[in-house]
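The values are calculated or read from the model by the stated rules, or taken from the named source; none is laboratory data. Note that the coordinates shown come from a computational prediction; the quantities given were computed from them, not determined experimentally. Virtual Cβ from ideal backbone geometry, glycine too; neighbours counted across all protein chains shown.
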Amino acid sequence: MNIVKRLRLPAAVAIVAGTLAATLACTTETVREVPVDRVVTQEVVREVPVEKVVEVEKEVVRTVEVEKPIEVIKEVVREVEVPGETVVVEKEVVRTVEVEKPVVVTQEVVREVEKIVLKDPRAGGTLRSNFPGMKTLDIQTAAGPGEVATQTHEGIFARTAAMTSAGMQVDSWQASSDGLTWRFHLRDGLKFHNGEPVTARDVRGSAERSKDKPGLYVQFYQDFMDEWTEIDDNNFQITLKKKAPFTLDALADGGATPTVPREIWQLPVTQASTVLIGAGPYKLEEWVPGDKTTLSRFEDYIPSEQRSSFMTGKKVALIDTIEYIEVPDTAAQIAAIETGQIDVLLSVGGDFAERLEKHRDVNLINLESPARRLGIWLQHDHPPFDDLRMRKALQLAIDSEDILRGAIGPAKYWRTCASIWSCGTAWETDAGSEVYNVKDLEQARQLVKDAGHEGYEVKFIVGEYHPVLAGSSKVVRDIMESIGLRVDYQAMDNATWRATRADSDNWDALITASVGFYHPYLGATAHLKKEGWLHKYKDDTGKLTALWDKLFADVYTIEEIQAIAEEIAEAVYEDVPIVSVGEYFELAAARTDVKGFAPLLWNRPFFNVWLER
Amino acid sequence: MQAYILRRLLATVPIVFLVGALSFFLMQIAAGDAVGVIIDEEATLEQEEALRDALGLNDPVLVQFARWMGNLFRGDLGTSLISRYPVTSLMSPRLEPTLSIAFLGTVLSVLLGIPLGLLAAWRPNSGLDRAVLFFSVIGFSVPGFWLAFLALWTFAVKLPIFPVLGYTSISEGVLPWLRSITLPAIVISVSTAAVFARMTRTGMVEVLQQDYIRTARAKGLAERVVHFRHAFKNASIPVITTLGFLVVGLVTGTTIIEIVFTIPGLGRLLVTAVVDRDYPIVHALLMLTALVYIYVNLLTDILYAYADPRIRY
């Protein structure tokens, strides 16, 4: 393990150097653009044989027989009888003239092009998956298609398995030498499910509608981007106010910019779309709200020629039909996959994981890296946690193993992680972590006493609807009580929790389970900035603010970014904007006859997946 | 009788509106709104407010109420705040699964509960009576969700006779339809059958001690005739009352069953709507519940008159 850790950095640097060399060899551009995200830590690449289209040209000799008709000469003579005498006035005679029946045979050569589709033998079938539910067809809403959009939509850029960015709807791009102008070319043959072509105008319109979507993209759009213009139907250009070393990352950020047709992107973002139209390999066939969503293969989808890796590259819709079924009860979900009535569980709770692990017909998939981060957010704008001593007291008292065990269960589904940056990524660091998971209750009690908050009643709001939050919060409550605090434990449903936490007066502490800090430019890092989130982080020393400003101010090498990331980690442990608990793994499950299924993070792609039945 | 029925039917209009109004103001008390469900977790407060404005949730409560009532008078139950689909279009496909389970549940309850009650009353305090009592107590005490899980595990996982999840419409065939609703119907019918058995048994034992029954027996009538022709009709009035309440309970109270068996019915829709604060759906479903109560009660009253000719309206 240590050898792997030691080799990780040189390997990453070597790969980056190789990538840079290859890039320089191909272009004469002198862009100081450092591909900060080209650190390849793991690469899951699946090459899936696709349907082949064979065009055959052949000559056909066609024989045409022409039959000459019989010639008939008709002479009409009529005979009229007059009493007493017979006078022939007219006589009708039919005379048939026999003529030859020559058959003319001509030969014509026709060139036919026959299109033979060699279908992949694995193609076909219906895959059934559980689904937490799609409450609206608008992809810009949290209650929207979610996983469905993974199959039905595409953006201009997307993430590879190594969390790097790669072109999806664009096949080539170019940056000017000053790094301020970027030109992009759309892949040929892109079509929406309604048959309309995907144009640069649609890309711009979709980007405009997504511009307020939280994440790196919104920062890019608001602070760095100057203008987004379409050059023609297939080309567009982005000009920047200042250099953004994360331009491609921003464009791939969490699927923030899936391309949608005009009828959707022209709607204001507050008006939910009532149709689901994308340009991905699957299209919506039927939506029964609260019950099921059916997708079918989009026959006009032309896969990219690039290598397939997670959400990028060649996507082949091998499965004919995907059925997402809303199964609200966890026990029913488990029973359904065990009996084969559904093929995939998008997410599995720790309670049932071991049971599924033992099932011979089910594969449990542990998405270890990047994992989910469990963190305690403390309200900074009023007592008691506006006092650094109180934040440090809680940090010192935390027993990560206890909390994670209470939240998730068996130890194989979680890990303590001393790094502020996600463990298992290139950014993992021990910087500042001497105070992590030390369980020093005595010192914590002393700090509470020194701050004069002994016996203070902490308003602790808990998202009881979420098993991980509910489980971890109970242990954290005990820890708070053990250092001399009283806890007003308020368990609530999602809507109430969201409404309550919006007002900082309503709470002192809460726990979240988020994607964490897996990249200095991405994920939930914006929450660690001054006034960055609902916890109203004060950053009294100004240290973290200065470090964030520094990170976004210039273009750096990997080593330079890692150095800044380490400083950020130290500052987080010093000023405690968040108390880090640890990480747990997302678990998914699939029947053993589901092949090629490689979920990662929040995406469960079903393209390049087939059923071996 | 007809005038009575007409009066009762007319009375449903103000009652339903009253229930709707009550539901509207009660939901205003609940914390949170649909915005929390629609918008991203990391959205800013400004973005949340903009969406709230667009949905009209920032308007004064009375303005919202007047708007909703106005639509209701025009026969418009409104649009889901989240999916933006008409409430009626969300409710209508869910009626069939709920009514199917309620129908089969009622049939099974009656077919199981009433004969058991009659059997128990045939020989009071006998072993059979005690066995029926045991079934009644267990059937009524066991929580529905536990029974549902047990049934699911036994008859869908271990003995895969019934499907684990889903509902098959009757339009796809009677047998697949029956297969999809049998297990949930059996589960919900256990507790109601237990109640029927107790009610029938008690009613029958009481009636069988009346003078006219002694007279009937003195006339030499067969015990079967005494029980079914003379006693059961009089004993059935409390059973009819119970039947009314239980049918309403079956129509409106199948939520847990629908969740466990993944049936896309009205109960699940209501729970989801309450959790998501999708007010128009909640209001419409509560009004529908009120309607079911009113109509089933009316039907019960009509059945009283049939069971007991002395009752006249």
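Here are the numbers:
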read-out	value
Selected residue (criterion: farthest from the chain's Cα centre (by Cα)) from residues of the stretch A:443-477 that are acidic (D, E) and closer than 19 Å to A:Y489 by Cβ	A:E454
A:F352 crowded, with 17+ Cβ neighbours inside 10 Å and not assigned by TED's automatic domain parsing to the domain that holds A:N506	yes
B:L269 vs. criteria crowded, with 23+ Cβ neighbours inside 10 Å and either out of contact with any strand residue (DSSP E or B) (no Cβ under 7 Å at 6 or more places or on another chain) or assigned to a helix (DSSP H, G or I) (or both)	yes
Pair list, Cβ under 8 Å, 6 or more apart: the stretch A:278-290 residue within 14 Å of chain B (Cβ to nearest Cβ) and surrounded by fewer than 20 Cβ atoms within 10 Å (Cβ to Cβ), other residue of a type in the set (K, R) and assigned to a strand (DSSP E or B)	A:E286/A:K292
Matching helices (runs of 4 or more DSSP H) fully within the stretch A:236-354 where at least 1 residues are touching a strand residue (DSSP E or B) at 6+ places or on another chain (Cβ under 9 Å)	A:247-252, A:330-338
B:A43 within 14 Å of chain A (Cβ to nearest Cβ) and either over 30 Å from B:T242 (Cα atoms) or buried (at least 19 other Cβ atoms within 10 Å of the Cβ) (or both)	yes
Residue check, A:D505 over 32 Å from the mean Cα position of the chain (by Cα) and more than 14 Å from chain B (Cβ to nearest Cβ)	no
Candidate set from the stretch A:344-371 (those that are among the charged types (D, E, K, R) and within 13 Å of another protein chain (Cβ to nearest Cβ)); member that is farthest from B:L152 (Cα to Cα)	A:D361
Selection status of B:I281, part of a helix (DSSP H, G or I), within 12 Å of the chain's Cα centre (by Cα) and either buried (at least 24 other Cβ atoms within 10 Å of the Cβ) or within 14 Å of another protein chain (Cβ to nearest Cβ) (or both)	no
Hits in the stretch B:233-265 (condition: of a type in the set (A, V, I, L, M, F, W, C), within 21 Å of B:A284 (Cβ to Cβ), within 14 Å of another protein chain (Cβ to nearest Cβ) and surrounded by 23 or more Cβ atoms within 10 Å (Cβ to Cβ))	B:I263
The one condition in (1) over 23 Å from A:T330 (Cβ atoms); (2) in contact with a strand residue (DSSP E or B) (Cβ under 6 Å, 6 or more places away or on another chain); (3) free of Cβ contacts under 8 Å to residues at least 40 places away in the same chain that A:D508 fails to fulfil	(3)
Pair list, Cβ < 7 Å and 6+ apart or interchain, from the stretch A:130-145 residues that are in the same structural domain as A:R209 (by TED's automatic domain parsing) and under 17 Å from B:I259 (Cα atoms) to residues that are among the charged types (D, E, K, R) and in a loop (DSSP other than H, G, I, E, B)	A:F131/A:E326; A:G133/A:E326
Which listed residue, of A:Y556, A:Y584, is hydroxyl-bearing (S, T, Y) and surrounded by 19 or more Cβ atoms within 10 Å (Cβ to Cβ)	A:Y584
Among residues of the stretch A:555-607, those that are under 30 Å from A:G280 (Cα atoms) and of a type in the set (A, V, I, L, M), counted	8
Filtered residues of the stretch B:22-40 (kept if of a type in the set (G, A, S) and either crowded, with 16+ Cβ neighbours inside 10 Å or not assigned by TED's automatic domain parsing to the domain that holds B:R67 (or both))	B:S23, B:G32, B:A34, B:G36
Lone qualifier among A:E263, A:E227 - being surrounded by fewer than 21 Cβ atoms within 10 Å (Cβ to Cβ), under 24 Å from A:L137 (Cα atoms) and away from chain B (no Cβ under 14 Å)	A:E263
Subset of the stretch A:163-178 [touching a strand residue (DSSP E or B) at 6+ places or on another chain (Cβ under 9 Å) and surrounded by fewer than 20 Cβ atoms within 10 Å (Cβ to Cβ)]	A:D171, A:S172, A:W173, A:Q174, A:S176
When residues of the stretch B:46-59 are limited to those that are under 15 Å from B:Y279 (Cα atoms) and not polar (S, T, N, Q), the one farthest from the other protein chains (Cβ to nearest Cβ)	B:D59
Condition broken by A:V435, with the remaining ones in (1) surrounded by fewer than 18 Cβ atoms within 10 Å (Cβ to Cβ); (2) under 24 Å from A:E464 (Cα atoms); (3) β-branched (V, I, T) satisfied	(2)
Subset tally (residues that are free of Cβ contacts under 8 Å to residues at least 60 places away in the same chain, touching a helix residue (DSSP H, G or I) at 6+ places or on another chain (Cβ under 7 Å) and either within 19 Å of B:T272 (Cβ to Cβ) or not in a helix (DSSP H, G or I) (or both)) for the stretch B:12-41	4
Filtered residue count, the stretch A:155-176, keeping only those that are assigned to a loop (DSSP other than H, G, I, E, B) and in contact with a Lys or Arg (Cβ under 7 Å, 6 or more places away or on another chain)	2
Qualifying residues in the stretch A:478-499 (those that are at pLDDT 90 or above and within 14 Å of another protein chain (Cβ to nearest Cβ)) - the one nearest to the chain's Cα centre (by Cα)	A:M492
For B:V63: the one exception among (1) assigned to a helix (DSSP H, G or I); (2) within 30 Å of the chain's Cα centre (by Cα); (3) more than 14 Å from chain A (Cβ to nearest Cβ)	(2)
Only one of A:D539, A:D549 that is free of Cβ contacts under 8 Å to residues at least 40 places away in the same chain, touching a Ser or Thr at 6+ places or on another chain (Cβ under 6 Å), among the acidic types (D, E) and farther than 26 Å from A:L367 by Cα	A:D539
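Quick grid of which residues meet (1) of a type in the set (A, V, I, L, M, F, W, C); (2) surrounded by fewer than 18 Cβ atoms within 10 Å (Cβ to Cβ); (3) assigned by TED's automatic domain parsing to the domain that holds B:A284; (4) without any contact (Cβ under 8 Å) to a residue 24 or more places away in the chain:
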| site | (1), (2), (3), (4) |
| --- | --- |
| B:L118 | yes, no, yes, no |
| B:A131 | yes, yes, yes, yes |
| B:I181 | yes, no, yes, no |
| B:S191 | no, no, yes, no |
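Each row is one residue, and each column tells you yes or no for (1) within 21 Å of the chain's Cα centre (by Cα); (2) surrounded by 19 or more Cβ atoms within 10 Å (Cβ to Cβ).
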residue	(1), (2)
B:G139	yes, yes
B:V142	yes, no
B:V164	no, yes
B:S171	no, no
B:I186	yes, yes
B:R198	yes, yes
